[in-house]
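Derivation of every value follows stated rules applied to the coordinates shown; laboratory data play no part. This structure is a prediction, so every number in the text was calculated from the model and none was measured. Reconstructed Cβ throughout: ideal geometry from the backbone, glycine too, with neighbour counts over all protein chains shown.
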Amino acid sequence: MDCPKCGHQQRDDVRCESCGIYFEKYRRQQTTGRPANSGPKGSRPPPESGFFNTIKIVAITSAVIGLGLFLHSKPDNRIKILTAAAPPLQRVQLPAAPGGAVSKAVVDSQPQATGLAAQLAKSNPPGNTIETARNATVFIKTGWGSLGSGFLVDAQCHGVTNRHVLEFNPDNLFRKFREDPDFHAKVADAQQDLRSAIERLRLQETEIVANRGSVNDLQQISKKRMALEVELANLPKRAEAEMRQELERAAPSENAKGFTVVLIDGTEFSMSQAEFADQLDLALFQLPANSCPYLKHANSSKINQGDRLYTIGNPSGLKFTVTSGIFSGFGELDKHRFLQTDAPINPGNSGGPLINEAGQVLGVNTAVLVGTQGIGFAIPIEQVFESFFALRTTQ
């Protein structure tokens, strides 16, 4: 029914969940002309959330973006750690659909939406379960220019992403960059150019000797050749040293700390707090809002090879893009179990959800196998809830 005072739609026909009035009492007061009371003594409507008053962080473009890495490891140990556990999830029991079954898609989309869920459902009404999941996915940008994805996991507005999205860590980034085939290819090209130049100088030396040319010319050419040979020998170490210097220069300044979370309707939250998992590439944050849309999680151990999967994220800054693939199998990286998929996982997809056709999240998109196509990995969603105490009461 619709509230006669504020127009809020809900199933309860006794009291408005939005403005707090009792319907029957309100009707009697309207008839008698007396002022309407919002409810019994001490009751009041819920406070308005402050998520409209947000501060935008200007992203600082850094040399890190030009490195072209998938894993944007960006450490900032100055980010504060959340310590307080979130309040328990408030569950709503919905009436059964015709035939006695409750539709998972209806439950997950929260038809009695309020707060942020209502805001997003109004601005971006979902047409299917995938778009419902999209409304609970977020775009993340850091003060040093890194881009990533994340998603909300409960109505208390807890969000999940990858640790490497939020943490600027030059050591980890240096290691990943040094292992990148593109880096080695560029070094090899530079080495080949030097070898060609050295060979040309050798030929000039041979020609001068054969023609009994100038000794001074021969000495100058020999000097250039030996300098290039030294440069060739030191090239790999010099390239790594220059790369490390670039990473150190790209470290965030005091004014570039924190990160910004962007919703599907463009609403932005300026954030400075995140909690990092000890063993996995996971991070947890909480938006200063209420009644958030969130992704219901499925049991990742029950997925079958060949099942259709979808990723939602922000590849290369293309916000809230959906791609699809299949479940390829279970894999293991660094002694941890991962979900393997051929669904495209590109730079910017890190931290986004891997979901099934019902819009339920199975894992957190985390990495790809370097030098290959169609081999991506996601951390199972169960490990997310095991990693953070604040989420254990929301399952």
Exercise. On the first, second and third principal axes, largest extent first, how far apart are the outermost C-alpha atoms of the range 261-339 in Å?
Worked result: 38, 30, 27
Seminar exercise, completed: Sorted by chain and number, the residues with a modelled amide H under 5 Å from that of Gly145, at a separation of 5 or more or across chains, are Ile60
For this session: Kindly identify the range 203-317 as rounded, prolate or oblate by the Cα gyration tensor criterion: order the square roots of the eigenvalues as a ≥ b ≥ c, call it rounded if a/c is under 1.5, otherwise compare a/b with b/c, prolate if a/b is larger, else oblate.
Result: prolate
For this session: May I ask for the net charge around Ile198, where only other residues with Cβ less than 13 Å from the Cβ of Ile198 are counted and Lys, Arg are +1 while Asp, Glu are -1?
Result: +1
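Kirkwood hydrodynamic radius, computed over distinct alpha-carbon pairs, for the range 139-230: how many Å, to one decimal? Could you put the intermediate results ahead of the total?
Numbers: mean 1/r = 0.0551 Å⁻¹.
Computed over Cα pairs of the range 139-230, the Kirkwood hydrodynamic radius comes out at 18.1 Å.
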Exercise. In Å, the Kirkwood hydrodynamic radius of the range 278-383 over pairs of distinct alpha carbons?
Worked result: 14.1 Å
For this session: Return the subset of Lys237/Lys319; Lys186/Lys224; Lys141/Lys302 for which the Cα-Cα distance in this structure is over 29 Å, preserving the input order.
Result: Lys237/Lys319; Lys141/Lys302
Problem set entry | Difference of contour (0.36 nm per residue) and Cα-Cα distance, Asp2 to Gln305 | 104.5 nm
